[in-house]
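Undergrad: Provided herewith is a single structure, encoded as structure tokens, for subsequent inquiry.
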Amino acid sequence: MNLRKVYTYCLYVTLAFGLLLIAGCTNASDIEPVSPTGIMDLHKEGRQMPEFNLPSVLYENSTISNESFKDKVVLISFFTSWCRSCLEEIPLLKKLQSRFGDQDFTLIAMSVDRENKVSLKNLIVKQKINYPVLLADEMVKKDFGGVAILP
């Protein structure tokens, strides 16, 4: 499978996750979306990922930046440990990473519940998550289109 097909497949998966918004979790109390819908226009070819340098949930004192994923197709999944729909996505996301991880593709999970690091670590280990899980900050949520609704 070539990189363009992986990119298209990831776009379709992202759109499918968007449909879960109807039954998903929300926590939009103090976050204002940048766009009217809170969803970025992702179909433009060559769109650059916003810059970030975020702490890893699993590894203490370790940060991961957007530069680590240069020249890769990247699927970002924002989630919280208390969101049922977010947790239900994990098996599919693990399959995506397993299937395409060796083809210049990676999945990055960004947790928006920064205060619950111990539970997040336990979740990663228990679910055997095979992709990086980072702690998103307010700037990253804004830069990625004003993340206000999950999953």
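What follows is calculated from the coordinates using simple rules that are stated; it is not laboratory data. Here the structure is a predicted model, which means the values were calculated and not measured. Here Cβ is always computed from backbone atoms with ideal geometry, including for glycine, and neighbour counts include all displayed protein chains.
Undergrad: Too long at a 23 Å Cα-Cα cut-off: which of Lys5/Lys121; Lys5/Lys142; Lys72/Lys95; Lys5/Lys141; Lys70/Lys142; Lys70/Lys117?
TA: Lys5/Lys121; Lys5/Lys142; Lys5/Lys141; Lys70/Lys117
Undergrad: Spin-label point model (7 Å from Cα, Cβ direction): what's the Gln127 to Asp102 distance in nm?
TA: About 2.5 nm separates the two model spin labels.
Undergrad: Tell me whether the range 92-151 comes out rounded, prolate or oblate; compute the Cα gyration tensor, take square roots of the eigenvalues as a ≥ b ≥ c, and use a/c under 1.5 as the rounded threshold.
TA: Judged from the Cα gyration tensor, the range 92-151 comes out oblate (a/c at least 1.5, b/c at or above a/b).
Undergrad: If you don't mind, another one. Find the relative contact order for the range 50-151 and round it to a whole percent, using C-alpha pairs within less than 8 Å whose residues are 6+ positions apart.
TA: Result for the range 50-151 is 36 percent.
Undergrad: Any chance you could run the full-extension gain for Ser56 through Asp71? It's 0.36 nm times the residue separation minus the Cα-Cα distance, nm to one decimal.
TA: Extra length available between Ser56 and Asp71 comes to 3.3 nm.
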